[in-house]
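Trainee: There's a structure below that I have some questions on.
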Ligand code: ADP
């Protein structure tokens, strides 16, 4: 059939002369040679056939719809593939880790210092792989909408303090100071606390990672005129170049590959953060200047609009 418009003529209706068209226009939606849908149009009001101009317009729309449907289909397939591969990788990884621990613990013979060093590297590689698998699974669930966001009233300032407490050892290790400024008393916000902690942990972790000894990370929390809670995570670290900035929320994107890889980064963190912010009905934006630092801003809607 191809994708050319096709007219069915001579449609009869139970009640003749009721103004319904006797012609129906069908446009096949074809993506990659496969029929993925059908656009059906008639003129029920006037009883006239669809005009040639409208047919041309509908044909163009059908072309766009085919592309969109095909993309969604490929995306879904990719998601399913990622999620099943991630599942399959977990068992052998657990086995590598378990045997590595056995050897490292001296259960199968004495281990010299050099061997310990190498086994330690295997362990760290396992940690990295596990984080990557976890991130892939999280992202694939978020993309398919399989993650449920369970919102409850939460005190944002407390959530932020909790995240900072957890991140303090890492910051201290890197010689970076962490500060929190609560610009105004924040209202209770409807949020999934665990997920919000995940968002903030990720942002603070990056702010420490892409920084230097003596650097600073500040969290500012405020309420905007629309009543939304706004959290800024600001650092004075490496920053991101103008060319890379629009891509930081893309999956697997890493502006500074070697630094990110050394720190165990997968390039999935910000993609997950963006999905989580959106799943809350909120948003995330970034401003950055190379060698000066970055500010990531999360906006969460007020209680009424987010329930
Ligand atoms: P990862 O940290 O695992 O590499 P992310 O998705 O969290 O992946 O971040 C993607 C990229 O964005 C990072 O590799 C880094 O290049 C850049 N980036 C993120 N946060 C910052 C930051 N605070 N300062 C500078 N660059 C950043």
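Rule-based calculations on the coordinates, nothing more; no lab input. All of these numbers come straight from a predicted model, not from anything done at the bench. Note that we place each Cβ from the backbone using ideal geometry, even for glycine, and neighbour counts take in every protein chain shown.
Trainee: Name the shape class, rounded, prolate or oblate, that the alpha-carbon gyration tensor gives for region 140-198, where a ≥ b ≥ c are the square roots of its eigenvalues, rounded holds for a/c under 1.5, and otherwise prolate holds if a/b is larger than b/c and oblate otherwise. Working shown, then result.
Mentor: Numbers: a/c = 3.27, a/b = 1.37, b/c = 2.38.
Oblate, because a/c is 1.5 or more while a/b does not exceed b/c.
Trainee: Within 10 Å of each residue's Cβ, count the other Cβ atoms and sort 249, 210 from fewest upward.
Mentor: 249, 210
Trainee: At what distance in nm do the modelled label points of residue 118 and residue 75 sit from each other, each positioned 7 Å from its Cα along Cα→Cβ?
Mentor: That separation, rounded to one decimal, is 4.6 nm.
Trainee: Taking R0 as 45 Å, what's the FRET efficiency between residue 107 and residue 161 from their Cβ-Cβ distance, rounded to 0.05?
Mentor: Efficiency for this residue pair is about 0.60.
Trainee: What is the calculated FRET efficiency for residue 252 to residue 226, with r their C-beta to C-beta distance and R₀ = 41 Å, to the nearest 0.05?
Mentor: 0.75
Trainee: Using only the Cα atoms of region 145-240, build the gyration tensor, take square roots of its eigenvalues as a ≥ b ≥ c, and label the shape rounded, prolate or oblate: rounded if a/c is under 1.5, else prolate if a/b is larger than b/c, else oblate.
Mentor: Taking the square roots of the gyration eigenvalues as a ≥ b ≥ c, region 145-240 is prolate.
Trainee: Return a whole-number percent for the relative contact order of region 151-204, with Cα pairs under 8 Å and 6 or more residues apart as the contact set.
Mentor: 60 percent
Trainee: Could you check the simple spin-label distance between residue 85 and residue 98, using points 7 Å along Cα→Cβ, in nm with one decimal?
Mentor: 2.5 nm
Trainee: Between residue 127 and residue 61, what is the spin-label point distance in nm, taking each point 7 Å from the Cα along the Cα→C-beta axis?
Mentor: According to this spin-label approximation, the distance is 5.6 nm.
Trainee: Taking the 0 to 90 degree range and rounding to the nearest ten, how far is the long axis of helix 156-174 tilted relative to the main principal axis of the chain, both from C-alpha atoms?
Mentor: Roughly 50 degrees, rounded to the nearest 10.
Trainee: Any chance you could tell me what percent of the C-alpha pair distances in region 196-277 go past 17 Å?
Mentor: Tail fraction, whole percent: 51.
Trainee: Kirkwood Rh and Cα-based Rg: tell me the resulting Rg over Rh for region 154-305, rounded to two decimals.
Mentor: 0.95
Trainee: Efficiency by 1/(1 + (r/R0)^6): what FRET value for residue 134 and residue 3, r their Cβ-Cβ distance, R0 = 45 Å, to the nearest 0.05?
Mentor: 0.60
Trainee: Taking the Cα atoms of the chain, what is the range of coordinates along each of the three principal axes, in descending order and whole Å?
Mentor: Taking max minus min along each principal axis of the Cα atoms, the chain gives 90, 56, 38 Å.
Trainee: I want to verify the translational diffusion coefficient of region 47-99 in µm²/s; compute it with Stokes-Einstein, Rh as the Kirkwood radius over Cα pairs, at 10 °C and 1.306 mPa s.
Mentor: Rounded, D is 106 µm²/s.
Trainee: To one decimal place, what orientation-averaged projected area in nm² is obtained for the convex hull of the Cα set of region 27-155?
Mentor: Across all orientations, region 27-155 yields a mean hull projection of 16.4 nm².
Trainee: Same structure again: I'd like to compare 71-84, 22-35: which one has the highest average count of other Cβ atoms within 10 Å, and what's the full order after that?
Mentor: Highest-to-lowest ranking by the protection proxy: 22-35, 71-84.
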